[in-house]
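Chemist: Following this message is one structure expressed as structure tokens.
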Number of protein chains: 2
Amino acid sequence: MGLMGRTPPHPDVSQFDLQQVLEALVDPVRRSIVTQLDASEEDLACGTFDIAVSKSTATHHFKVLREAGLIRQYYVGTSRMNALRRAEMDEAFPGLLDALTRSRAAALTR
Amino acid sequence: MGLMGRTPPHPDVSQFDLQQVLEALVDPVRRSIVTQLDASEEDLACGTFDIAVSKSTATHHFKVLREAGLIRQYYVGTSRMNALRRAEMDEAFPGLLDALTRSRAAALTR
DNA sequence: ACAGAAGTACGATCGTCGTCAAACTTCGAT
DNA sequence: ATCGAAGTTTGACGACGATCGTACTTCTGT
């Protein structure tokens, strides 16, 4: 039973790249994912997000977010769980996520 | 002498759109323009920026920045001056410009 | 009046990215 | 063992955007 659920590669905080993070966050669907994660208490499975795209497109978006360092992914059964890497993002780019999830920004993205 | 220098349209703070602002800031050349403006004491003419693109491309970038509300443009002779709309951006999206111009972000963009 | 400096406008090109459908894999439950 | 749920992978397609060169406009200085 070769684990399909092998944890996908996650970048280290020291490798976070602003350009890559911004490219990830510029897409409304991905920003919505981040906002929903930020508002949630627990980690969320891919399928539980309120996004209007196909499954394959969703997979693509999660991959972009993961590779940018914005989320951490791990399997629970067949479900892929997603966690916002808040602390690490704050360490690399202080205030960035706050600026996007707080105030008017979040309201409009909602 | 019909003024070619008619001031181009500038959006009001109340019309700033996060999506548009992010789309403007995701481009490295435009982010560099913002960074250079932020680091400068005075307003800067288009031609004085350290960017590696043609004049027509530069014009395009300045237009995108202006329409997003990030800069204010006005003519002085044949030179088009550019001013960062810091206060207004801070009002609309608190912390956003700070996050991009300060700390590691600015260093890497530099 | 003319030449040059500073930008703008207009197409055209070229790459990248978001999107989807279809086929596939993996796990859990029956 | 089988079926369904949850994602992934792999192309393909279409749209948008960054880029450039060329032609054009406007102002300044001489």
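Chemist: If you go through region A:24-78 one residue at a time, how many are farther than 20 Å from A:His10 by Cα and aromatic (Phe, Trp, Tyr)?
Modeler: 1
Chemist: Which condition does A:Asn82 not pass, out of (1) at pLDDT 95 or above; (2) surrounded by fewer than 15 Cβ atoms within 10 Å (Cβ to Cβ), if it passes all the others?
Modeler: A:Asn82 satisfies every listed condition except (2).
Chemist: Within region A:11-51, how many residues turn out to be surrounded by fewer than 16 Cβ atoms within 10 Å (Cβ to Cβ), under 18 Å from A:Glu88 (Cβ atoms), touching a strand residue (DSSP E or B) at 6+ places or on another chain (Cβ under 9 Å) and not polar (S, T, N, Q)?
Modeler: 1
Chemist: Those residues that are within 13 Å of DNA strand C (Cβ to nearest atom), part of a loop (DSSP other than H, G, I, E, B), under 28 Å from B:Ala24 (Cβ atoms) and not acidic (Asp, Glu), I need them from region A:1-50; list them, please.
Modeler: A:Val26, A:Phe49
Chemist: What's the number of the condition A:Ala99 fails, among (1) of a type in the set (Gly, Ala, Ser); (2) surrounded by 14 or more Cβ atoms within 10 Å (Cβ to Cβ); (3) away from chain B (no Cβ under 14 Å); (4) free of Cβ contacts under 8 Å to residues at least 24 places away in the same chain?
Modeler: Every condition holds for A:Ala99 apart from (3).
Chemist: Ok, one more. Can you pull out the residues in region A:64-96 that are out of contact with any Leu (no Cβ under 7 Å at 6 or more places or on another chain) and free of Cβ contacts under 8 Å to residues at least 12 places away in the same chain?
Modeler: Passing the criteria: A:Gly77, A:Thr78, A:Ala87, A:Pro94, A:Gly95.
Listed here are the residues, each with its yes/no results for (1) within 12 Å of DNA strand D (Cβ to nearest atom); (2) among the aliphatic types (A, V, I, L, M).
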residue: B:Gln20; (1), (2): yes, no
residue: B:Leu25; (1), (2): yes, yes
residue: B:Leu44; (1), (2): no, yes
residue: B:Asp50; (1), (2): no, no
residue: B:Ala58; (1), (2): yes, yes
residue: B:Ile71; (1), (2): no, yes
residue: B:Asn82; (1), (2): no, no
residue: B:Glu88; (1), (2): no, no
residue: B:Leu96; (1), (2): no, yes
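Chemist: Please verify whether B:Ala58 is at pLDDT 95 or above, closer than 30 Å to A:Pro28 by Cβ and within 14 Å of chain A (Cβ to nearest Cβ), treating the condition exactly as stated.
Modeler: no
The values are calculated or read from the model by the stated rules, or taken from the named source; none is laboratory data. Every value quoted in this text rests on a predicted model; they were computed, and no experiment measured them. When we count neighbours, we look across all protein chains shown, and the Cβ atoms used for this are built from the backbone with ideal geometry, even at glycine.
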